[in-house]
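A short write-up of the structure that comes next.
The values are calculated or read from the model by the stated rules, or taken from the named source; none is laboratory data. Bear in mind the structure is a predicted one, so any value in this text is a computation, not a measurement. Cβ atoms come from the backbone with ideal geometry, glycine included; neighbour counts cover every protein chain shown. With ligands, DNA and RNA removed, areas are computed over all heavy atoms of the protein, side chains included. Shrake-Rupley method; radii C 1.70, N 1.55, O 1.52, S 1.80 Å.
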Amino acid sequence: FHLSTFLSINGSNSFVRNSQKDGEFDVIIGDLADPVFGGPCYQLYTQEFYENIVKAKLGPGGIFVTQSGPAGVLAHSEVFTPINRTLSSVFPKVIPFLQHIPSFADCWGWNMAFKDADSAAPLAANEIDERIQDRITGGSDALKFMDGVTWTGITSLSKILRTSLNSEKHVLTVATPKFIHGKGVKQVEY
């Protein structure tokens, strides 16, 4: 088995679009700037980007993970639930998860999208623990945060969030973006 890592700090859209042939990535992680009005990254949260770039670049069994903004009880509907809905419009299986981030003073959300509907995810806690032991040098002692029970916890969302995720209808597109903290001072035509 061969392990390769490509790290792109700037220009994620052009890097992913222009690198590697379609179907060549096993995992793509989008730790992007938030979709803010006037910011550089809102297009990287759209259906067009997920369908035409991310899904196309993922190989069979591929996984895409993206940070998805605030996911606390009061702020989750700004972008967390629309990002989940948008990913669900492109990928057959999407798992939302969150964790409290003290420096953000709120819970922060992520979404994990699977290219294949028959993916084994979500895995049971004991299966995650077994994979950690088998695949990470030092096993579970090498990790300070993650284990099977932790994964179960961060994917166990409150009833409020589950209800919002199930009722979310907005799919983010270049023409219909949503921005963290609202529309900003001035809305422009896209």
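If only residues of segment 50-76 that are closer than 19 Å to K178 by Cα and outside any strand (DSSP E or B) are counted, the one that is most open to solvent (accessible area, probe 1.4 Å) is L74. Restricting K144, K159, K169 to residues that are open to solvent by 80 Å² or more (accessible area, probe 1.4 Å) and under 30 Å from N52 (Cα atoms) narrows the list to K169. Across segment 110-126, the number of residues qualifying as under 14 Å from the mean Cα position of the chain (by Cα) and closer than 23 Å to L161 by Cα comes to 5.
Yes or no, residue by residue, for (1) more than 18 Å from L74 (Cα to Cα); (2) at pLDDT below 95; (3) of a type in the set (G, A, S); (4) part of a helix (DSSP H, G or I):
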{"position": "F97", "(1), (2), (3), (4)": "no, no, no, no"}
{"position": "S103", "(1), (2), (3), (4)": "no, yes, yes, yes"}
{"position": "G109", "(1), (2), (3), (4)": "no, no, yes, no"}
{"position": "A120", "(1), (2), (3), (4)": "yes, yes, yes, no"}
{"position": "T152", "(1), (2), (3), (4)": "yes, no, no, yes"}
{"position": "S156", "(1), (2), (3), (4)": "no, no, yes, no"}
{"position": "I160", "(1), (2), (3), (4)": "no, no, no, yes"}
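Would you call P96 of a type outside the set (F, W, Y) and surrounded by 20 or more Cβ atoms within 10 Å (Cβ to Cβ)? Considered against the rule, which asks whether it is of a type outside the set (F, W, Y) and surrounded by 20 or more Cβ atoms within 10 Å (Cβ to Cβ), P96 comes out as yes. If I filter segment 117-124 for residues that are buried (at least 19 other Cβ atoms within 10 Å of the Cβ) and either in contact (Cβ under 8 Å) with a residue 60 or more places away in the chain or small (G, A, S) (or both), do I get at least one hit? No, segment 117-124 contains no residue that is buried (at least 19 other Cβ atoms within 10 Å of the Cβ) and either in contact (Cβ under 8 Å) with a residue 60 or more places away in the chain or small (G, A, S) (or both). Only residues in segment 140-155 that are within 15 Å of G109 (Cα to Cα) count as the first member; pair them with residues that are among the β-branched types (V, I, T) and in a helix (DSSP H, G or I), Cβ under 8 angstrom, at least 6 apart or cross-chain, and list the lot. Filtered contacts from segment 140-155: W151/I128.
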